[in-house]
Amino acid sequence: LYEEENATQLMHEQFSKETIHFLQQVGELADELDTNAYMIGGIVRDLFLRRPNEDIDIAVEGKADIFAEKAAERFKGTVQFHESFGTAQLVLPNGDKIDVTSSRTEYYLKPAALPTVERSNVQEDLARRDFTINAMAIQLNSGDFGRLIDAYNGKNDLTNKVLRTLHNLSFVEDPTRILRAVRFETRLGYKMDKDTENFARQRPTSIQSLSKDRVWSEFQHFLQEVAPGEMFARLEELDVLDAFMPGASFKPPVVTALFQRVRSNNLNVDEKMNTLIQLLALFTESRSSFEKSLLWMRSNPERTLVQQIISLYDTTWIKDVAYGALHDAFSHVQNMSLWFTSRWFEAADESEKAYVLYTYFEKKQSMPELINGDDLRKFGLSPGPQYKEIIHKVEKAWFDALLTTRDEALSFAQGQVEAYMKQLND
Ligand code: ATP
């Protein structure tokens, strides 16, 4: 049994008046519906840590969808349902989103499968959580507002900065919890307790049954934290990194340097792409396994990008190569791939290749408008594959500094057109 504690005062210190008012109203609604409502999980952890957290999770005993509907009426919001998980999301008029779940027990059909859901009470809800510090709830009903439910001594572990699973099979049941453990360790400066760490070191075989998207989304979370490098290092140290991502390894200078580069460079790519290229750094020495590991991805742009980058990285480089010749080889390559591969070389201490590729990239970026299809039409050339060829020749000449201005480009192109037509007439 745990000591009864009331967190109302702390809530008043940490939350805005509006949030407190909202939580009180949720409690009153629960009273009216003759059920119990709780604030639960990460928000409770962060309340005690005095860390800001905007994600309010509410658990109700009974049906979450009915509760959420009533709440939407009361708060003049809307509600979205995720039927299979028995959860609902309440969207308030100010745009805030509140997850409402039925406190429930989840039975795992088989390890690492998604849970099936059955309704039950808050104690059982807490029992299926990942770590003691995430397994606390605060009651919201008016009579019991602020009452802390801490059946696993999570508060104590918060004080001692310890991450502890609730039972021995926790990591077997859901191995993504190992990734969550490492993420919380790094974010909060905590340590897993000895048993928990040993469970992780056992590399549960259920890791192999995880879907690629689940692993992927956990790593995406890593990369949103302040120090992702530390997390990958820790996974390597626990000897599980390559269980989650076959072929991955953490080579500190390369990986850390690349992470920094990518982060400090407001790249104009979406989040998925950003994650992808950062993860690539973990595969510097096993590039082909990364390509293989992407086969699950349905979308092509990502795969194309990675394939371009890897093949650029694997290009056999000729020393003292002219930039025009590079343009022959790489004109089809996206700027993003050029940029990233040059940074990758740099991180991997291949400074000569990094320099050549980066210079090519910069030149390509600064290339002025030299000629276009209209110009060629005016020279009397009828549209066809020659257009691309001649434009490429003009660009190549520009890279080789044989021409610099648009006027020079035009007379160069005209020469090319005339030569081509002469060849046709001969
Ligand atoms: P963050 O601060 O990164 O958002 P969080 O723990 O606050 O982390 P979620 O990842 O949304 O936010 O999780 C909410 C709660 O759900 C957690 O506090 C934990 O109690 C529970 N939870 C999440 N993932 C798992 C899991 N894999 N196994 C068990 N419980 C989990």
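Things to note:
- Dipole in debye (nearest 20) - the chain, about Cα centre, beta carbon charges: Lys, Arg +1; Asp, Glu -1: 840 debye
- Highest-MSF residue in the chain out of 47, 370, 280 [GNM, Cα springs under 10 Å]: 370
- For the stretch 373-425, the Cα gyration tensor yields ellipsoid semi-axes of 18, 11, 10 Å (square root of five times each eigenvalue, largest first, whole Å).
- Electrostatic tally near residue 343: other residues with Cβ closer than 14 Å to its Cβ, Lys and Arg +1, Asp and Glu -1, net -1.
- DSSP assigns beta bridges within the chain; of those with both partners inside it, close to 80 percent run antiparallel.
- Point-charge dipole on Cβ atoms (K/R +1, D/E -1) for the stretch 161-244, about Cα centre, debye to 20: 200 debye
- Spatial separation of Cα centroids for the stretch 182-227 and the stretch 50-83, in angstrom: 28 Å
- Computed 3J(HN,Hα) for the stretch 300-308, one whole-Hz value per residue from the Karplus formula 6.51 cos²θ - 1.76 cosθ + 1.60 where θ = phi - 60°, is 7, x, 5, 5, 4, 4, 5, 5, 4, glycine and proline marked x.
- Rounded to the nearest 20, the Cβ-based charge dipole of the stretch 230-379 about its Cα centre (Lys and Arg +1, Asp and Glu -1) stands at 360 debye.
- Apolar share of the accessible surface for the chain: 48 percent from carbon plus sulfur atoms, 1.4 Å probe.
- nm² value of the averaged projected area, convex hull over the Cα atoms of the stretch 161-244: 4.9 nm²
- Gaussian network model of the chain, Cα within-10 Å springs - most flexible of 353, 272, 388: 388
- Database remark: amide H of residue 77 closer than 5 angstrom to no amide H (H placed geometrically; neighbours at sequence offset of 5 or more, or on other chains; Pro and chain starts carry no H).
- Peptides 327-335, 168-176 ranked from most to least packed give 168-176, 327-335, packing being the mean of other C-beta atoms within 10 angstrom over each peptide's residues.
- A simple rule links phi to the HN-Hα coupling: the Karplus curve 6.51 cos²θ - 1.76 cosθ + 1.60 with θ = phi - 60°, which for the stretch 20-25 gives 4, 4, 4, 4, 5, 5 Hz, with x for Gly and Pro.
- Taking every Cα-Cα distance in the chain and sorting them into 20 Å bins from zero, the calculated P(r) comes out as 21, 40, 24, 13, 1 percent.
- Convex hull volume per residue, computed on the Cα atoms of the stretch 276-426, equals 143 Å³.
- Backbone phi angles across the stretch 10-17, fed through the Karplus curve with coefficients 6.51, -1.76 and 1.60 (θ = phi - 60°), yield HN-Hα couplings of 4, 4, 5, 5, 8, 9, 5, 4 Hz in residue order; Gly and Pro are listed as x.
- Contact order relative to length of the stretch 207-318, as percent, for alpha carbon pairs under 8 angstrom and 6 or more apart: 23 percent
- Computed Rg/Rh of the stretch 1-158, alpha carbon atoms with Kirkwood Rh: 0.95
- Most fluctuating residue given options 204, 383, 253, as computed from a GNM of the chain linking Cα atoms under 10 Å: 383
- Extension gain from residue 307 to residue 198, taking 0.36 nm per residue of separation minus the Cα-Cα distance: 35.5 nm
- Residue among 181, 308, 327 farthest towards the positive dipole end of the chain, charges placed on Cβ: 327
The values are calculated or read from the model by the stated rules, or taken from the named source; none is laboratory data. This structure is a prediction, so every number in the text was calculated from the model and none was measured. As a convention, Cβ positions derive from the backbone with ideal geometry for all residues, glycine included, and neighbour counts pool all protein chains shown. Accessible surface areas use protein heavy atoms only, side chains included; no ligands, DNA or RNA. Shrake-Rupley method; radii C 1.70, N 1.55, O 1.52, S 1.80 Å.
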